[in-house]
């Protein structure tokens with residue numbers, strides 16, 4: 001039954017994505033309409049996930065989300081993590097890998113919605129471009145979503161965090177909000193099967209604005225470890241690892257960037 005439900009959901013997911021992108025391509029031209037299309041897409045995808053696969057989701061700690069711009073730094077175990085924030089915050093931009101913007105139709109929707117692509121081969125030039133775009137997003141009152149792990153990581157594995165989140169926080173002067181999740185237990189990386197249950201997201205207290213880069217990375221890593229253990233009832237988190245050949249979906253600016261505070 002899980003196999004059949006997962007197959008039906010995949011048909012729903014890819015069919016819906018195609019229809020929404022085609023609709024926007026024909027009738028949408030402005031960022032506001034692109035965001036509306038993204039919200040409709042996310043709502044229908046997660047509604048299908050619940051009805052077809054029996055996967056619901058719940059959020060704790062919403063009070064930690066400020067009303068203005070912040071840097072939201074979620075753990076990344078599943079494609080679910082990249083979808084849900086479209087619904088959780090009213091004004092948002094994602095920092096994402098450039099390759100996603102090259103997908104026909106879907107990439108155009110991402111760019112029109114104002115997402116911030118990262119060309120990981122461009123090194124420091126890419127980082128400077130991201131910083132400029134992040135400042136513009138902050139000035140427009142948007143929340144910036146960036147996945148510091150830089151890749152989908154298996155549940156319980158503590159991946160080394162990439163420095164892009166600290167760079168964005170330093171440049172914009174915004175606090176960083178850690179978010180932990182157990183989404184990978186239900187919609188796993190590389191996994192075709194979607195297992196029924198309730199995905200939990202815990203939004204944690206923000207790290208203070210203005211912290212040095214090293215302090216941001218250390219405190220974010222600690223927040224992930226303790227928050228995930230609490231979320232899973234004391235399940236320990238492994239020491240730093242690569243998650244067993246994780247899927248490369250990097251948006252964390254992996255590489256040898258030097259960041260000045």
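The values are calculated or read from the model by the stated rules, or taken from the named source; none is laboratory data. Here the structure is a predicted model, which means the values were calculated and not measured. Heads up, the Cβs are rebuilt from the backbone with ideal geometry, glycines too, and the neighbour counts pull from every protein chain shown.
Of all the residues in the range 186-215, those that are crowded, with 17+ Cβ neighbours inside 10 Å and modelled with pLDDT under 95 number 4.
Taking the range 211-224 as the range and being in contact (Cβ under 8 Å) with a residue 24 or more places away in the chain, over 11 Å from residue 161 (Cβ atoms) and in contact with a strand residue (DSSP E or B) (Cβ under 9 Å, 6 or more places away or on another chain) as the test, only 211 passes. Against the test of being touching a residue at least 12 places away in the same chain (Cβ under 8 Å), touching a helix residue (DSSP H, G or I) at 6+ places or on another chain (Cβ under 8 Å) and surrounded by fewer than 19 Cβ atoms within 10 Å (Cβ to Cβ), the options 127, 65, 96, 161 yield a single qualifying residue, 65.
Pairs meeting the criteria (first residue in the range 26-49 and within 13 Å of residue 83 (Cα to Cα), second residue surrounded by 14 or more Cβ atoms within 10 Å (Cβ to Cβ) and modelled with pLDDT under 75, beta carbons under 7 Å, at least 6 apart or on different chains) are 37/28. When the residues of the range 124-181 are filtered to those that are part of a helix (DSSP H, G or I) and within 14 Å of the chain's Cα centre (by Cα), the one that is modelled with the lowest pLDDT is 164.
Elements of the type strands (runs of 3 or more DSSP E) sitting completely within the range 1-104 and holding at least 1 residues that are modelled with pLDDT of 95 or more: these cover 55-60, 71-74. Inclusion of residue 108 among residues that are farther than 19 Å from residue 147 by Cβ, at pLDDT below 95 and either touching a helix residue (DSSP H, G or I) at 6+ places or on another chain (Cβ under 9 Å) or assigned to a strand (DSSP E or B) (or both) is warranted. Just one of the listed residues (150, 114, 156) is closer than 30 Å to residue 226 by Cβ and touching a strand residue (DSSP E or B) at 6+ places or on another chain (Cβ under 8 Å), and it is 150.
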